[in-house]
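Asks: My structure is below; once you've seen it, I'll send some questions.
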There are 2 protein chains.
Amino acid sequence: MKIAIMGFGTVGSGAYETAKNAGGIDIVRILARHGRPGYEHLDDIITPNIDDIANDPEIELVIESIGGVHPAREYVLACLRAGKHVVTPNKNLISACYKELMDEAAANGVKLRFTSAVGGGIPWLFNLLRTKRCDEIEEVRGIVNGTCNYILDAMYDKGADFGEMLKIAQELGYAEADPSSDIEGTDTLRKTVVTTNLAFDTVVSEDEVPCCGIDTIQSCDVAYLKEKGLVCKLMMKAKRSGDSFEVYVEPTAFPAGSLEANVKVNNNLITLTARDIGTQSFYGQGAGMMPTGQSVIQDVLDIRDGKEQAIEAGSSALKADNSKAVHRYYIRHDRMCEHIEPFIDIYEEKDGIYYCISKPVAVEEMHKMGHHRKEKGKEMFFAALAE
Amino acid sequence: MKIAIMGFGTVGSGAYETAKNAGGIDIVRILARHGRPGYEHLDDIITPNIDDIANDPEIELVIESIGGVHPAREYVLACLRAGKHVVTPNKNLISACYKELMDEAAANGVKLRFTSAVGGGIPWLFNLLRTKRCDEIEEVRGIVNGTCNYILDAMYDKGADFGEMLKIAQELGYAEADPSSDIEGTDTLRKTVVTTNLAFDTVVSEDEVPCCGIDTIQSCDVAYLKEKGLVCKLMMKAKRSGDSFEVYVEPTAFPAGSLEANVKVNNNLITLTARDIGTQSFYGQGAGMMPTGQSVIQDVLDIRDGKEQAIEAGSSALKADNSKAVHRYYIRHDRMCEHIEPFIDIYEEKDGIYYCISKPVAVEEMHKMGHHRKEKGKEMFFAALAE
């Protein structure tokens, strides 16, 4: 099969390397502004012009690994309209433009697949779809951001400071120069949207998903929770309930003896619960050149061989509804005022800081409070207590 | 697709229920001596005669869920020779007759698949094969016997006695009336053979795999290990090294903060390490009517839709060779004699029992010693220390 790669960064080159091992995939064009060091033998097939790919009738499938929404969206649309299958690891694109792109693929009789958009090298989305062939998904949840897990694990393990560990994560290449999308939860939010859309055959938008990250966590939070036998992780969660589903992203405190609590360094752990099969978890490297590149090529092989799982984009009537989502939280707050007091079940005060365990609180309420405090530049961190 | 089910016990009825949900699978014959309570509407399609299935040209695929090697082998051979695909969860059969059955399937241009033979509801073997399309498996390992894990978890968690927990496992239906194949490791051994054959494209026989179970573990072992921060699990392991691979089954002590140590009740956790993708783990229910029944139907759907992963039975030159497999062990022994002393690094004596940590010992040597002591009716238990 003749294919092209758009964007020749970390994932694009990982896909290139994996394709060599898999065999039977002929990479004939690469869209890039310039060649990549170590890949000078590919200079002849590099082009900065999307038309060289979209208008080439020999190319049957295109890998989009540019990242971001624009111009990835326009390039993917051009390829789909030209009758080419598209494979992408781009969660930003699929989160933002899922229905539009799936509809365009269907209209042109081609496939769009993105197994690598959540969980990197872990065959999460593929197996989620496979389970749906003969079961019904009740819940999806997981640790899907390796950078946050790396930071949280080091804070737990070594008692390290948040800022210090973020800096090390950046030096190791886990976190971007601008790490906000990781630590504020936006990356997890996008993966939640992509996963939820497949799990429930729905189309949820990013602004329907309450999202709080770990950017306000401090070593005192980790120490307090550790003392109670709890470990904090940043979680995506979507859970079916009748005709709707809860869906949100928030820090969550797990018992030290749970699988989630024992996910180390930058690994991911993603879990589904289905009606018949019960709970299944998938663990591994959620990012990186070879893991993500391999998942991209797995999608290419599935499409080439007619083995991809079916996707029915937006075919269900299930809607996002967090109005009944309620649980207890750990909350650190700088004072015990009339806004916070009604929520609190038990608390300890130490050096003017209040470490609290809440009564059951609505998820939407808790997130609103968190964002409000953050906007005002006030001290606050919260983590749901895992059920 | 018209199919038949041979054997209508727990897994056969789970497959029947799942097929109803999946749709497009028409169960036209069931091989059984008599009907099943609650399934009286199927009495008309029940037959005790294999010829009614093997000679029916309408039946394209047969599920074998009789269990055991005979007559399952003969019935499966009859179906393959009649040009029918076969799907089976029967690890005893696939462990004992893998090459013969795969060759017979190939000779007749049909498929034989057994995703559910290891890990029950966990899509372990399917994803192992999928990874092999573009990567090389270096190691497979895992907790694949839910009964043993249930017993070991309860012993760790509640300080319970082995015999007491075995009895409860039997009452809950996790363990058979004769639990020897679980607790002596034979069930794990067979799953190891099935997994290893796929991981390394080899054909290994059961007697090439050193195997020790958990039948001699006592609460004092669990307590000693717990004090050292270790948790005992029964593990399968196969690891590639050059032109050969190590392969064995033995109790293994994991640090309390590892994923393996935190596998609760009767769950399974199975792990692969591959050259490019690194380490991936798969967690869930390793047995049971609906989980195993669903994996059976997943194989049926894959064959029906041409989506099954390729198997090249015995195509590699890799051979089993444990001569270089060496590690440290925890050993409980009733005396410090000239046979045991050379192996021991450190030990504690308490009430005439020696709790030891060994120097690095050859796996084959350690297993030989274990079996020798057991034959003599002497007290001994050992567990490898996880690397």
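Asks: Could you check region A:13-33 and list, in sequence order, the residues that are open to solvent by 70 Å² or more (accessible area, probe 1.4 Å) and out of contact with any helix residue (DSSP H, G or I) (no Cβ under 9 Å at 6 or more places or on another chain)?
Replies: Passing the criteria: A:Lys20, A:Arg33.
Asks: Of the residues B:Leu198, B:Leu189, B:Leu152, only one is assigned to a helix (DSSP H, G or I), touching a residue at least 12 places away in the same chain (Cβ under 8 Å) and closer than 21 Å to B:Asp221 by Cα; which?
Replies: B:Leu152
Asks: With a cut-off of at least 1 residues that are surrounded by fewer than 19 Cβ atoms within 10 Å (Cβ to Cβ), name the strands (runs of 3 or more DSSP E) lying wholly within region A:297-371.
Replies: So the answer is A:344-350, A:353-358.
Asks: Please work out which residue is farthest from the other protein chains (Cβ to nearest Cβ), limiting yourself to region A:14-26 and to residues that are free of Cβ contacts under 8 Å to residues at least 60 places away in the same chain and under 28 Å from the mean Cα position of the chain (by Cα).
Replies: A:Lys20
Asks: Moving on. For region A:52-73: of the residues being among the charged types (D, E, K, R) and touching a residue at least 24 places away in the same chain (Cβ under 8 Å), which is most open to solvent (accessible area, probe 1.4 Å)?
Replies: Looking at the filtered set, the residue picked out is A:Glu58.
Asks: Which residue is nearest to A:Tyr16 (Cα to Cα), if the candidates are limited to region A:288-334 and must be more than 14 Å from chain B (Cβ to nearest Cβ) and aliphatic (A, V, I, L, M)?
Replies: Only one residue fits best here, namely A:Ile311.
Asks: In addition: What number of residues in region A:262-287 are surrounded by fewer than 19 Cβ atoms within 10 Å (Cβ to Cβ) and facing chain B (nearest Cβ under 9 Å)?
Replies: Here the count works out to 4.
Asks: Mind listing just one residue for me: the one in region B:114-169 that is of a type in the set (D, E, K, R) and more than 14 Å from chain A (Cβ to nearest Cβ) and, of those, least open to solvent (accessible area, probe 1.4 Å)?
Replies: Filtering region B:114-169 for residues that are of a type in the set (D, E, K, R) and more than 14 Å from chain A (Cβ to nearest Cβ), the one least open to solvent (accessible area, probe 1.4 Å) comes out as B:Asp161.
The values are calculated or read from the model by the stated rules, or taken from the named source; none is laboratory data. These numbers were taken from a predicted model, which means no experiment stands behind them. Because the Cβ atoms are built from the backbone with ideal geometry, glycine has one as well, and the counts that use them run over all protein chains shown. Heads up: the accessible areas ignore ligands, DNA and RNA and are worked out on the full protein's heavy atoms, side chains in. Shrake-Rupley method; radii C 1.70, N 1.55, O 1.52, S 1.80 Å.
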